[in-house]
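For reference, the structure is listed below as structure tokens.
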Amino acid sequence: MSHVCPWWGGYFIDNRCRRLIHKPEAILVPYVQPGMAMLDFGCGMRFFAIPMSRLVGEKGRVIAADLQQKMLDVLNKRARKAGVGDRIETHRCQTNSLGVTGSVDFALAFYSLHEVPDAQSVIREIHGLIRPAGKFLIVEPPIRHVNAAGFENLLSLSQEMGFMVNDRMPSAGSPSLMTKHWTGC
């Protein structure tokens, strides 16, 4: 089984110093518009979910999915404090299933797929959620977690599920992949 970051590790991951390297708004702006529905897979305590909720505005929504209820509890408190609690729906995943229903315009898996025991199943579920013109951004940490071969495996799994590579972009040294829902020719 893959190693899952303990819930208390969320306090170390969600910090001001990280925002200097991974600027959530700068990363999300090219893909997010007001009114969109978003999925933040492996959301943790807020790092992307709250900025996403601000970008989608009052008519948008964010599904913040995580395996650990304590992460989701902290996220709910922080979202209410930030005034965006009504835009974020938290969802607790199961070990072997995302379990989210509905559809989204954009899905983000930032530093989270390497923690999943069955990435193929999760990617398949995400593919089923994304609307035809939707996008899926995968970013994985290159140091100690995901090597180049591991990331290429995620790329292959994504393509097998029906995504196609749209763009590769560097994210502070992390391999990343923008995929677009495949709709045919």
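Read-outs: derived from the displayed coordinates by stated rules, not from any lab. Just so you know, these numbers come straight off a predicted model, no measurement behind them. In this analysis, Cβ positions are derived from the backbone assuming ideal geometry, glycine residues included, and neighbour counts consider all displayed protein chains.
With the largest listed first and rounded to whole Å, the semi-axes of the equivalent ellipsoid of the range 66-118 from the Cα gyration tensor are 21, 14, 11. Most tightly packed first, judged by the mean number of other beta-carbon atoms within 10 Å of their residues, the peptides 107-113, 51-57, 129-135 read 107-113, 51-57, 129-135.
The P(r) of the range 93-162 has a tail past 20 Å containing 25 percent of all C-alpha pairs. Plainly put, the range 33-181 has a radius of gyration that is 0.95 times its Kirkwood radius, both from alpha-carbon atoms, as the Rg/Rh ratio. Which residues in the range 110-131 place their backbone N less than 18 Å from a point set 7 Å from the Cα of T95 along the Cα-to-Cβ direction? Those under the cut-off are 113-122.
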